[in-house]
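Novice: Can you read through this structure? Questions will come right after.
The values are calculated or read from the model by the stated rules, or taken from the named source; none is laboratory data. If you're wondering where the values come from, they're calculated on a predicted model, not measured in any experiment. Virtual Cβ from ideal backbone geometry, glycine too; neighbours counted across all protein chains shown. All accessible areas refer to the heavy atoms of the entire protein, side chains included, with ligands and DNA or RNA removed. Shrake-Rupley method; radii C 1.70, N 1.55, O 1.52, S 1.80 Å.
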Amino acid sequence: GEGRIKGEKARHPDLVVEVAHPKIIHESGAEILRYANLLSLRVTMATHPDGFRLEGPLATAHSTGPRTVLYEGPVRGLCPLAPRNSNTMAAAALAAPSLGFDRVIGVLVADFSLKDMHVVDVELSGPPGPKGRSFAVHTHRENPSEPGAVTGSATITTFWRSLLGCCHLPSKPGIHLC
């Protein structure tokens, strides 16, 4: 696979301990995540109800208050119902193959107070250590958006900068699509 020295056999570690330099994570982070032992990963996306493009039973769901959970469950079940609003959740499921689409939890929230932004919260936890405590990470992103927009206004800039950054990688110059 990628990140392996030519001729080296594939390894399947039982334990991954990440205390590496950022360069190592940049070069091998995806490979490390393939073997990471996550217990839970939950991605919540909240925006104004006009920002959703929903299908199936969610298309007729109505907000019952100022903040309504429209869906909470496996990302696999959400993707077909909200194909334009579940890309971050699908990316998380792909990035955490130990959990995948069936064990990564997606939450879609209609929030009338979020007229001009999309809010994404990502929460993950690992297994308990020797003293019973687990590590946990929580990120919170607020992406400005036009009212009713499916995509936040910062998304295109971020995407474009990522593409430009790929053009300057010393290991693989240019853009490579898989």
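Novice: Of the residues that sit in the range 81-95 and are touching a helix residue (DSSP H, G or I) at 6+ places or on another chain (Cβ under 7 Å) and part of a loop (DSSP other than H, G, I, E, B), which one is surrounded by the fewest Cβ atoms within 10 Å (Cβ to Cβ)? Even if it seems obvious, please write down each step before you answer.
Specialist: Narrowing the range 81-95 to residues touching a helix residue (DSSP H, G or I) at 6+ places or on another chain (Cβ under 7 Å): 81-82, 86, 89-90, 93, 95.
Then keep just the ones that are part of a loop (DSSP other than H, G, I, E, B); that gives 81-82, 86.
Numbers: Leu81: 19, Ala82: 24, Ser86: 22.
Of everything passing the filter in the range 81-95, Leu81 is surrounded by the fewest Cβ atoms within 10 Å (Cβ to Cβ).
Novice: For the range 128-162, how many residues are assigned to a loop (DSSP other than H, G, I, E, B) and either open to solvent by 100 Å² or more (accessible area, probe 1.4 Å) or at pLDDT below 75 (or both)? It would help to see each step written out before you state the result.
Specialist: Start the filter on the range 128-162 by keeping residues that are assigned to a loop (DSSP other than H, G, I, E, B), which leaves 129-133, 145-152.
Right, trim to either open to solvent by 100 Å² or more (accessible area, probe 1.4 Å) or at pLDDT below 75 (or both) and you get 130-131, 133, 146-152.
Here the count works out to 10.
Novice: Next up: Within the range 97-127, track down each residue that is of a type in the set (D, E, K, R) and at pLDDT 90 or above. Please lay out each step first, then the result.
Specialist: Going through the range 97-127, the residues of a type in the set (D, E, K, R) turn out to be 102-103, 111, 115-116, 121, 123.
Within the range 97-127, Asp102, Arg103, Asp111, Asp121, Glu123 meet the criteria.
Novice: Determine the pairs where a residue that is farther than 18 Å from Leu81 by Cβ, located within the range 97-117, has a partner that is among the β-branched types (Val, Ile, Thr) and in a strand (DSSP E or B) with Cβ atoms under 6 Å apart, the partner being 6 or more residues away or on another chain.
Specialist: Leu114/Thr47
Novice: Any chance the range 67-88 includes a residue that's modelled with pLDDT under 85 and closer than 18 Å to Thr44 by Cβ?
Specialist: Looking only at the range 67-88, we keep the residues that are modelled with pLDDT under 85, and these are none.
No, there is no match, as no residue in the range 67-88 is modelled with pLDDT under 85 and closer than 18 Å to Thr44 by Cβ.
Novice: Applying the selection to the range 70-80, what residues are part of a helix (DSSP H, G or I) and open to solvent by less than 50 Å² (accessible area, probe 1.4 Å)? Walk me through how you get there before you give the answer.
Specialist: If we filter the range 70-80 for residues that are part of a helix (DSSP H, G or I), which is where we start, we get 75-78.
Residues satisfying the conditions are Val75, Gly77, Leu78.
Novice: When you go through Ser125, Ser98, Ser63, Ser113 one by one, which is the residue that is hydroxyl-bearing (Ser, Thr, Tyr), closer than 14 Å to Leu41 by Cβ and in a loop (DSSP other than H, G, I, E, B)?
Specialist: Ser98
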